[in-house]
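What follows draws every value from the coordinates through simple rules; no lab data is involved. The model shown is predicted, which means the values in this text are computed figures rather than measured ones. Cβ placement follows ideal geometry from the backbone for every residue including glycine, while neighbour counts extend to all protein chains displayed.
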Amino acid sequence: MPSDTLPVLLQTGLVMPSVVEQQLKERFRLVGAEGFEAAVAEHGGEVRGILTRGAQPVNDALMARLPRLEIVANFGVGYDTVDAAAASRRGVMVTNTPDVLNEEVADLTLGLLLATVREIPQAERFLRAGKWTSSAYPLGTSLRTRSVGLVGMGRIGQAIARRLEAFGVPIAYHSRNPAPGIAYRHYPDLIALARDVDTLILILPGGPSTRGLVGRDVLAALGPDGILINVARGSVVDEPALVEALQNRTIRAAGLDVFAHEPEVPQALLALDNAVLLPHVGSSTHHTRGAMGQLVVDNVVGWFAGKGPLTPVAETPWPRP
Ligand code: NAP
Ligand code: 8YV
């Protein structure tokens, strides 16, 4: 088929080219990777699908410029940069990549938890700096005495909980509703949970409903021995309040995979020795990113073949009610 008769897909930045581009380029015309604004200006009237990984918000204003848009395929389970409610109003399908990354993200979360509690990066820096020859690394805090509050008990939260079970750590959780079939104590009130545990792990969606959920009040309730692990979204935490709590040691430490304005990380956080910082790598292995890319491909191909998407988000159910 001549390329100008193929359905046009707009990419908001590169989305796993070795999997996604490789499989879609024969059946679709891919535009946008080399200049998003220029592609919208030139092809806006023809675009039928968007491939996105979150760098560029897919909001109502963008969708208004794409009158033939049918589907937004998000590379990632979290789709907080896509206005799914606006898509639903416009009859546009939104898909994400759930489940295929649960175990990978849960592995990384346990790694980050241990790194933060046992100060693994700090101890390594100590050795590399040649300090071991003059003194032993100071004794630190232990996971043995800790209890964990999971904020979010969905697909990934449950995979984290399974791993924590193996570590013998008591678990409780906060979410808006109790998770079906989960026996851990449910706290409808996040501050009450923060008061009762000394370690919080955030694993819930970003977006307006969770913006700033962990602020000064939650950090104060967590207390001076408190450890905060965030593998959810930077927007869930009041970042300046967290920096202040770490600087003043009103909490003990934080392990962060996500930040408010990625890829920018505040200098004040970089300067802290009680923060372990990762560049949003929860799912970033060849294995799991490949599976996520394949799910993006399968959603898009299924949609344009008239079979419907594999993993529609809650706001755009399929089959349509
Ligand atoms: P999920 O299965 O949809 O679970 C979400 C959990 O969060 C549920 O327990 C839900 O319970 C709870 N929740 C939702 N909104 C809430 C609110 N306003 N207040 C309190 N709890 C709320 O999602 P998942 O697949 O586990 O993924 C969770 C999130 O992890 C993603 O959305 C993404 O942001 C993040 N993530 C990060 C990485 C990384 O690389 N760091 C990788 C993958 C995912 P209720 O609905 O009952 O409240
Ligand atoms: C990805 C994620 O890194 O799935 C998610 O929600 O945060 C990560 O798996 C991201 O979405 C792709 O850039």
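Before moving on, here are some points about what is shown:
- Whole-Å semi-axes of the chain's equivalent ellipsoid (Cα gyration tensor): 39, 22, 18
- Top positive-direction residue, dipole computed over the chain with Cβ charges, set P266, P321, G215: P321
- Three-way shape call for the range 107-152 based on the alpha-carbon gyration tensor, with the a/c threshold at 1.5: oblate
- Residues whose amide H comes within less than 5 Å of that of L6, counting only those at least five positions distant or on another chain, are absent (H built at 1.01 Å from N in the peptide plane).
- Taking one quarter of the surface of the C-alpha convex hull of the range 244-308 gives a mean projected area of 6.5 nm².
- P(r) of the range 49-175 over all Cα-Cα pairs, binned every 10 Å from zero, in whole percent: 11, 28, 21, 21, 13, 5, 1
- Selection of chymotrypsin sites (Phe, Trp or Tyr not before Pro), the range 98-187, meeting DSSP coil and at most 14 other Cβ within 10 Å: W132, F167
- Between the range 84-137 and the range 253-321, the Cα center-to-center distance that results, in Å: 13 Å
- Rounded to 5, percent antiparallel among DSSP beta bridges of the chain: 5 percent
- Under the convention that each Lys and Arg Cβ holds +1 and each Asp and Glu Cβ holds -1, the size of the dipole of the chain around its Cα centre is about 520 debye.
- Sorted peptide list for 200-213, 289-302, criterion being average Cβ within 10 angstrom, highest first: 289-302, 200-213
- Proximal charge balance of T210 [Cβ under 13 Å; K/R count +1, D/E count -1]: +1
- Backbone geometry of the range 5-13 corresponds, through the Karplus equation with coefficients 6.51, -1.76 and 1.60 at θ = phi - 60°, to 3J(HN,Hα) couplings of 9, 6, x, 8, 10, 9, 9, 9, x Hz, x marking Gly and Pro.
- Sequence ranges 228-240, 52-64, ranked by mean other-Cβ count within 10 angstrom, highest first: 228-240, 52-64
- Net charge dipole size for the range 124-282 [Lys, Arg +1 and Asp, Glu -1 on Cβ; Debye, nearest 20]: 400 debye
- Amide H within-cut-off set for I201, under 5 Å, with H built and near neighbours excluded: G149, L150, V151, I229
- Dipole-positive endmost among H43, L127, V92 within the range 3-156 (Cβ charges, Cα centre): L127
- Sum of -39500 (n - 2.57) over DSSP H runs of 4+, divided by residues of the chain (222 nm, nearest 500): -9500 deg cm²/dmol
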